[in-house]
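Working notes, beginning with the structure itself.
The values are calculated or read from the model by the stated rules, or taken from the named source; none is laboratory data. Fair warning: this is a prediction, and the values are worked out from it, not measured in the lab. We place every Cβ from the backbone using ideal geometry, glycine too, and count neighbours over all the protein chains shown. Quick note on the areas: whole protein, heavy atoms, side chains included, nothing else; ligands and nucleic acids left out. Shrake-Rupley method; radii C 1.70, N 1.55, O 1.52, S 1.80 Å.
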Amino acid sequence: MHPDLEFLVPAYVRGFEPYIPSKPDAELKTLYGVSRLFRLNNNENALGPPPAAREAIRNFPPFRASLYPSGDSYYLSREIAARHGLQPDQIIVGNGANEVIAFAIKAFCEPGDNIVTADRTFAVYEWVATFSGITANLIPLKDNGFDDEAMLRAIDRRTKILFLCNPNNPTGAYWAKDRLIAFLERVGDNRIVVVDEAYCEFVEATDYPDGMKLIADYPNLVIFRTFSKMYGLGGLRIGYLAGASEVVDMIRRTCVVYSVNGLAQEAALAALRDETGHIERTREMVRDSRAYLKEELGKMNLPVIAGEGNFLVVRLPGSDTLAYRRLMGEGVMIRPMTSFRYPNHIRITLALPEAMEAFVGALRKILAGPRRP
Ligand SMILES: *Cc1c(COP(=O)(O)O)cnc(C)c1O
């Protein structure tokens, strides 16, 4: 007999659309009949992990695969804390920043509560809230950035967390330090403000705030960071949050221990200690690719949304999902933006020249083709 899923499953889970991950490269190459595939859909670092992290991965003793890892990422959380003048108990390392998003929401919200964030931002805040029975109050972006005034107006009795993505994925817009501080002052002490700094290492603007430095003054502030983007460790799944000890102590209650594997911990620690100029090399690549794409897309008269971060958004004359399929046929994988509430837009990771040229060539071809997307 089948279980009665109407009875067993909460309506907010039944009503949630599951995320469909993309297929492995080998499957996609066969499906689209291409011999090479440039993945420009996930904002990965085309230079890979820093040399010190590669070394740590090579040196990981295979036997250690049989041992449980440190349950609190002991050495890594100490290193992160020391680098930011914090105590180790102010850090929680998770299985990617994605996992720490879930930790934070579980710690503060119960069904009936709400979070406030933007309509066109990283979708995981909204997803975790929604399938947990928590309302996601999505405030429209203003000038491609988070709208502070509208977010403040949206706060009600049941608002627990405000999520700000700084700089924003996918628009690259960021809040300067003054603006973030003014916002924290006006929110007051009794709401958690999460600032997701997944792309902070790419930011070149000098007025961009280091959220870690604000924790001492704002104990309701929680910062998210990841090793998936600048540090090129997306495949090992490791990220973290930081905040005031009392707040982090509450969040820690929602963590299931051992979600962060030992290899990821070693690689992340080595990545932080790398001194070969990996961050500078990556920034240079991103800077060059942004300039190149802006110029080429400008020649094609396609509007571009670009700011900080290793990605850029382009508006196409037609469907982004059709463009996705046709670009796949040319061996280029981009992110269609309909799911980010940007119909007819695509997001492209800023990567190496060869990939950028392949993308531009493929885009020219599909836009000139008989069935313009
Ligand atoms: C990629 C990304 C993350 C999640 O990264 P993990 O791979 O789960 O560490 C979090 N926030 C934003 C804005 C991102 O773009």
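Basic side chains Lys and Arg get +1 at the Cβ, acidic Asp and Glu get -1 at the Cβ, and with that the dipole of segment 246-335 about its Cα centre reaches some 420 debye. Shape class for the chain: rounded, because the ratio a/c of the largest to smallest gyration tensor axis (alpha-carbon atoms, square roots of eigenvalues) is under 1.5.
Would you mind getting the accessible area per residue of the chain, heavy atoms of the protein chains only, 1.4 Å probe, in Å²?
47 Å²
Annotation: amide H-H contacts under 5 Å for A198 (H modelled 1.01 Å from N, sequence separation of 5 or more, or interchain): N166. Could you pull out which residues in segment 238-258 have an amide N less than 13 Å from a spot 7 Å beyond the Cα of Q87, following the Cα-Cβ vector? Correct set: 243-250. Helices in the chain that qualify as membrane-span-like (whole DSSP H runs, Cα extent of at least 20 Å along the helix axis, mean Kyte-Doolittle hydropathy of -1.0 or higher) are 353-368.
Considering only protein heavy atoms, with the full assembly of protein chains and a 1.4 angstrom probe, order D147, D4, D189, D113 by accessible area, largest first.
Numbers: D147 25, D4 90, D189 125, D113 0 Å².
Putting D147, D4, D189, D113 in descending order of accessible area: D189, D4, D147, D113.
Does segment 18-93 classify as rounded, prolate or oblate by the C-alpha gyration tensor (a ≥ b ≥ c root eigenvalues; a/c under 1.5 gives rounded; else a/b over b/c gives prolate, otherwise oblate)? Cα axes put segment 18-93 in the prolate bin. Sites listed here are GluC sites (Glu not before Pro) in segment 108-212 whose DSSP assignment is loop and whose Cβ has at most 10 other Cβ atoms within 10 Å: E204. Net charge of the neighbourhood of P21, taken over other residues with C-beta under 14 Å away and scored Lys/Arg +1, Asp/Glu -1, is +1. If you sort T338, T159 by accessible surface, 1.4 Å probe, largest first, the order is T338, T159. Amide H contacts of F311 (H built 1.01 Å from N, in plane; Pro and chain starts excluded): L350 sit under 5 Å, all sequence-distant by 5 or more or on other chains.
Given a 1.4 Å probe and every protein chain left where it sits, what share in percent of the accessible area of segment 51-273 is carbon and sulfur?
Its accessible area is 50 percent carbon and sulfur atoms.
Here's the picture: charge each Lys and Arg Cβ at +1 and each Asp and Glu Cβ at -1 in the chain, and of P24, F122, T135 the one pushed furthest to the positive end of that dipole is P24. Positive-end ranking of Q265, G329, L5 along the dipole of the chain, with charges on Cβ about the Cα centre, is headed by G329.
Under a 1.4 angstrom probe, counting protein chains only, how are H2, H278 ranked by accessible area, largest first?
Working: H2 175, H278 10 Å².
Accessible-area ranking of H2, H278, largest first: H2, H278.
Look at the dipole of the chain built from charges on Cβ: of I181, G112, N144, the Cα furthest out on the positive end belongs to N144.
About its Cα centre, the chain has a charge dipole of approximately 1140 debye under the convention of +1 per Lys or Arg Cβ and -1 per Asp or Glu Cβ, with nothing else charged.
Output the relative contact order of the chain, whole-number percent, from Cα pairs under 8 angstrom with separation of 6+ residues. Show your work: numbers first, answer last.
Values: 671 pairs, mean separation 87.1, N = 373.
Once normalised by length, the contact order is 23 percent.
Applying a threshold of 23 Å to the alpha-carbon distances of K229/K294; K177/K299; K23/K106; K106/K177; K142/K299 flags K177/K299; K23/K106; K106/K177; K142/K299 as lying beyond it. Antiparallel beta bridges, as assigned by DSSP with both residues in the chain, represent about 45 percent of the total such bridges.
Mean separation of Cα pairs under 8 Å and 6+ residues apart, divided by the residue count of segment 311-371: what relative contact order is that in percent? List each step's numbers first, then the result.
Values: 72 pairs, mean separation 22.6, N = 61.
Once divided by the residue count of segment 311-371, the mean separation gives 37 percent.
Using only side-chain charges placed at the Cβ, +1 for Lys and Arg and -1 for Asp and Glu, the dipole size of segment 51-273 relative to its Cα centre rounds to 560 debye. When nucleic acids and ligands are ignored and a 1.4 Å probe is applied, E295 ends up with an accessible area of around 110 Å².
Which of rounded, prolate, oblate describes segment 51-273, given a ≥ b ≥ c as roots of the alpha-carbon gyration tensor eigenvalues and a/c under 1.5 marking rounded, otherwise prolate only if a/b is larger than b/c? Please list the in-between numbers first.
Numbers: a/c = 1.85, a/b = 1.55, b/c = 1.19.
Cα axes put segment 51-273 in the prolate bin.
Amide H to amide H distances under 5 Å link L162 with V116, I192, V193, V194, where only residues 5 or more positions off or on other chains count and H is placed in the peptide plane. For segment 51-273, the relative contact order is 30 percent, taking Cα pairs closer than 8 Å that sit 6 or more residues apart in sequence and dividing their mean separation by the residue count.
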